[in-house]
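Student: Can you read through this structure? Questions will come right after.
The values are calculated or read from the model by the stated rules, or taken from the named source; none is laboratory data. All figures in this text were calculated on a predicted structure; none of them were measured in a lab. All Cβ positions, glycine included, derive from the backbone under ideal geometry; neighbour counts span all protein chains shown.
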């Protein structure tokens with residue numbers, strides 16, 4: 001998660017391997033990064049592709065160009081222990097505004 005004021009929420013999806021070093025076996029090499037694009041109650045994961053050579057600024061610009069949603073300081077993400085298809089995160093916004101908890 002990008003926990004700045006206009007933060008984007010990312011999901012890395014890779015494939016675990018039987019061979020290779022521990023990082024490769026965990027599926028952390030060769031995957032793709034996705035970001036949330038929310039429209040009301042519906043959302044989609046937008047592929048940002050292989051971002052391994054991108055800087056943080058490049059990643060931010062790629063997200064903006066792809067129309068991903070900007071959240072007010074998203075943080076504290078957690079998977080639901082009873083439903084592995086649900087991910088929760090909070091937005092801490094500003095002191096004088098309402099905070100939100102989202103589930104996707």
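Student: Find all pairs meeting these conditions: Cβ atoms under 9 angstrom apart; at least six residues apart or on different chains; first residue within region 71-87 and on the phi > 0 side of the Ramachandran plot and touching a residue at least 24 places away in the same chain (Cβ under 8 Å); second residue surrounded by 11 or more Cβ atoms within 10 Å (Cβ to Cβ) and part of a strand (DSSP E or B).
Tutor: The qualifying pairs are 73/7; 73/90; 73/91.
Student: Of the residues 93, 102, 38, which single one is surrounded by 12 or more Cβ atoms within 10 Å (Cβ to Cβ), part of a loop (DSSP other than H, G, I, E, B) and at pLDDT below 90? Give the steps one after another, and end with the answer.
Tutor: Working: 102 fails: part of a loop (DSSP other than H, G, I, E, B); 38 fails: part of a loop (DSSP other than H, G, I, E, B).
Unique residue meeting the criteria: 93.
Student: For region 1-15, what are the residues that are part of a loop (DSSP other than H, G, I, E, B) and either at pLDDT below 90 or buried (at least 19 other Cβ atoms within 10 Å of the Cβ) (or both)?
Tutor: Listed by number, the residues that qualify are 1, 2, 3, 4, 5, 6, 8, 9.
Student: In this structure, is residue 59 over 12 Å from residue 9 (Cβ atoms) and surrounded by 12 or more Cβ atoms within 10 Å (Cβ to Cβ)?
Tutor: yes
Student: Continuing with the same structure: Which residues, taken from region 41-52, are more than 18 Å from residue 13 (Cβ to Cβ) and outside any strand (DSSP E or B)?
Tutor: Of all residues in region 41-52, those more than 18 Å from residue 13 (Cβ to Cβ) come to 41-42.
Scanning region 41-52 gives a single hit, 41.
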